[in-house]
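Each remark here refers to the structure printed beneath this line.
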Amino acid sequence: MQLASWLHSVKAVGCIALSLSLLTALSCQDDQLEFLTDAAVDADASTDSDAGADVSTDSDAGADVSTDSDAGEDSDGSIGSDEDTEPICIEGVEEGDFPERVIFRSKKTSFNWKWYVTLHEGKIWVKPNPEAGEAPGEWTLLGTGLPSGADVVRFDPPTEIIEISADGTWLHALSPAGVFYRGTDFTGNVHSFFTWSDTWGHPAANGPGITTEFPTTYGWSVSDSQGAGVNHYQDRLGTSHSVGMGVAHMYRIGAEGRSLIFNDWWLPADWSRQICLPDRGTFFAENMSASASTIFIVGTLGELYTRLYDFDTGGENDSLIYSFLITEAAGDTRALPAEDWQRQPGITDGLITSRITIYQDGQGNAARMLRVEGVQDGRTGFYYKHIFDESWSFEETGYRACGPFLNAPGRTPPEPVEPNDYSLVGTLVRSPVLGTSVSVDIDIPAFNLMCSPADVYLGVDGNPVTVDGKPLVFPLHHVHSLILEERAREYWLDGVPATIRAALVLPDELAGIDDAVALATIQSLFEDRRGVNFKGTATLDQLTLNEMTWLDPSIGIVPGDEKADPGNTISLGATRP
């Protein structure tokens, strides 16, 4: 059914009969329905070769709505059109290659607190960002418009740039050959001093360089957390930690839209590190944006999520101190787990596209602004708010906006998939050098290499450990450890083990275990521990973890009072049943 006919039928039955999704998308605003109906009529007419309608696909035709097939080719990774229909476009001013104002960070345009940046005919142009207090200026080439110089040594200098991304001090550029080039300092006078490099990775950011390896369909973004910018972040307990010398990452949505991959320019130059997406890694992301280690994603139905996660905040940096066990601030110790995905309020008073942007505008976790392209009551523009605000505001721009509109009625959700969970069974054993070993059974119904935590259930003498008749849950958190060798993007599929650190957290209800023998056994196993910090490996078939001890490095990983006596450690071994 064509969209116009569908919307006319919706209006015929009235708002009372609308589905919940339509209520959410349009809030039963009759003028919004009227507007979309008229837009769909024009769109249907423009795609009917026999209709003889005045509305055409020519961008100069002056029609309110067009279905220009190029309009949906969104530069920020969104899908340009539904599978069998061309996108509806709400006419307005064309942004072009040299927009008066850069609103969105996309593959073709970006900005930071100093500069706007755009691509034109394969070259990079900049102009001052007046929104950040810079004096207005004109678009000018950044140098030659192409990465070059003494530090472009790993690959041939590019003759064209096809995609860009900027944040903080960094401007990254992508060539048709799939090579990423990094430029700095993008907060200074770039016409006097700006350096390009194509080195990337271990050792000391002087590695072999990095290439795309897989398509950039669903978006990528450079992110920069600097002392002069965001300055610090707050962990789950609200404790502030300095970003130190800075954290510079690239984040990317995987080729199929269901993985989030990242790399830091000091890490090995590969795409083997992942961050679990919402819904235990099953979420389909249409597009992403990142700034100051905070990722912003949008789903097929317009769902919006944010998360602060990088190599340092996530617990993966072996030179920092982390704890899953602390319950209050403890000096430099960073409380884990890292911040989870935060569902942002839905936009219910208009329609939105997949063009989204996040940018830093101050210090700390709250200093992030979100933008989402949208249409409200026939006016094109964008919704915006600070990351922790409870509601969105709308700013009209008059720029042309093209669908698909993600929160429109009738949108088909992506095919559901199951998480990459698998079950493991085994034992948890304390093996003192002096004394008797204590062993219990463990059952992990849903372990996931990329998504933490997993629920662990213990058994004593073949019986589950219960409280008030219900199996007692022991959360098992894990993070990936620093690896200095390059790995395949999905190395675990080749049988290569993941090197991880983990923590089994003891639940508060432990003292209430129903069976007296089971309680005594569990207490003997853990003694006075609040939890168990492990290091070890995980594959798709096996989990092998050994408790951290005083023999581990005295600096980094976990606090000294959470490490075990080397002569009295707990080990965990589990395999697929």
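Points to keep in mind about this one:
- Entry remark, the range 404-425: residues being in contact with a Gly (Cβ under 7 Å, 6 or more places away or on another chain) and surrounded by 20 or more Cβ atoms within 10 Å (Cβ to Cβ) number 2 in total.
- Any hit, the range 538-549, residues being part of a loop (DSSP other than H, G, I, E, B), assigned by TED's automatic domain parsing to the domain that holds P445 and loosely packed, with under 13 Cβ neighbours inside 10 Å: yes
- For the residues T397, T412, the requirement of being assigned by TED's automatic domain parsing to the domain that holds T187 and either of a type in the set (S, T, Y) or touching a Leu at 6+ places or on another chain (Cβ under 9 Å) (or both) singles out T397.
- Selection count where residues are assigned to a loop (DSSP other than H, G, I, E, B) and hydrophobic (A, V, I, L, M, F, W, C), scope the range 555-577: 2
- Meets criteria (in a helix (DSSP H, G or I), out of contact with any strand residue (DSSP E or B) (no Cβ under 7 Å at 6 or more places or on another chain) and modelled with pLDDT of 95 or more) for L525: no
- For D508, the conditions (1) of a type outside the set (F, W, Y); (2) touching a strand residue (DSSP E or B) at 6+ places or on another chain (Cβ under 7 Å); (3) without any contact (Cβ under 8 Å) to a residue 12 or more places away in the chain are fulfilled apart from (2).
- Residue in the range 469-484 that is at pLDDT 95 or above, on the phi > 0 side of the Ramachandran plot and not hydrophobic (A, V, I, L, M, F, W, C) present: yes
- Selection count where residues are under 26 Å from G495 (Cα atoms) and among the hydroxyl-bearing types (S, T, Y), scope the range 523-577: 5
- Residue check, D552 closer than 21 Å to P337 by Cβ, assigned to a loop (DSSP other than H, G, I, E, B), of a type in the set (D, E, K, R) and touching a residue at least 12 places away in the same chain (Cβ under 8 Å): yes
- Assessment of the range 255-277 against the conditions (part of a strand (DSSP E or B), of a type in the set (G, A, S) and crowded, with 20+ Cβ neighbours inside 10 Å) yields no matching residue.
- Scanning the range 294-315 for residues that are within 23 Å of A255 (Cβ to Cβ) and part of a loop (DSSP other than H, G, I, E, B) yields a total of 8.
- Of the residues making up the range 363-391, those that are under 23 Å from N112 (Cβ atoms) and either more than 19 Å from the chain's Cα centre (by Cα) or outside the structural domain of E339 (by TED's automatic domain parsing) (or both) are Q363, G381, F382, Y383, D389.
- 1 or more residues of a type in the set (S, T, N, Q): qualifying strands (runs of 3 or more DSSP E) within the range 125-229: 163-167, 180-184, 195-197, 220-225
- Subset of the range 457-472 [touching a residue at least 40 places away in the same chain (Cβ under 8 Å), part of a loop (DSSP other than H, G, I, E, B) and surrounded by fewer than 18 Cβ atoms within 10 Å (Cβ to Cβ)]: D461, D468, G469
- The range 511-537: number of residues that are more than 29 Å from I483 (Cα to Cα) and either among the polar types (S, T, N, Q) or assigned by TED's automatic domain parsing to the domain that holds S319 (or both): 3
- Test: residue in the range 473-487 that is without any contact (Cβ under 8 Å) to a residue 24 or more places away in the chain and either surrounded by 18 or more Cβ atoms within 10 Å (Cβ to Cβ) or not in a strand (DSSP E or B) (or both): no
- Meets criteria (aromatic (F, W, Y), crowded, with 17+ Cβ neighbours inside 10 Å, under 17 Å from I444 (Cα atoms) and modelled with pLDDT of 95 or more) for F534: yes
- Across the range 365-385, not a single residue is classified as among the polar types (S, T, N, Q), touching a strand residue (DSSP E or B) at 6+ places or on another chain (Cβ under 8 Å), part of a loop (DSSP other than H, G, I, E, B) and exposed (fewer than 14 other Cβ atoms within 10 Å of the Cβ).
- Being in contact (Cβ under 8 Å) with a residue 12 or more places away in the chain and surrounded by fewer than 17 Cβ atoms within 10 Å (Cβ to Cβ) is a property that P345 has.
- Scanning the range 424-456 for residues that are outside any strand (DSSP E or B) and closer than 22 Å to H480 by Cα yields N448, L449, M450, C451, S452, P453.
- Residue count for the range 392-434, restricted to those that are in contact (Cβ under 8 Å) with a residue 40 or more places away in the chain, small (G, A, S) and over 30 Å from D461 (Cβ atoms): 5.
The values are calculated or read from the model by the stated rules, or taken from the named source; none is laboratory data. Here the structure is a predicted model, which is why all the values come from computation and not from measurement. Please note: Cβ atoms are built from the backbone with ideal geometry, for glycine as well, and neighbour counts cover all protein chains shown.
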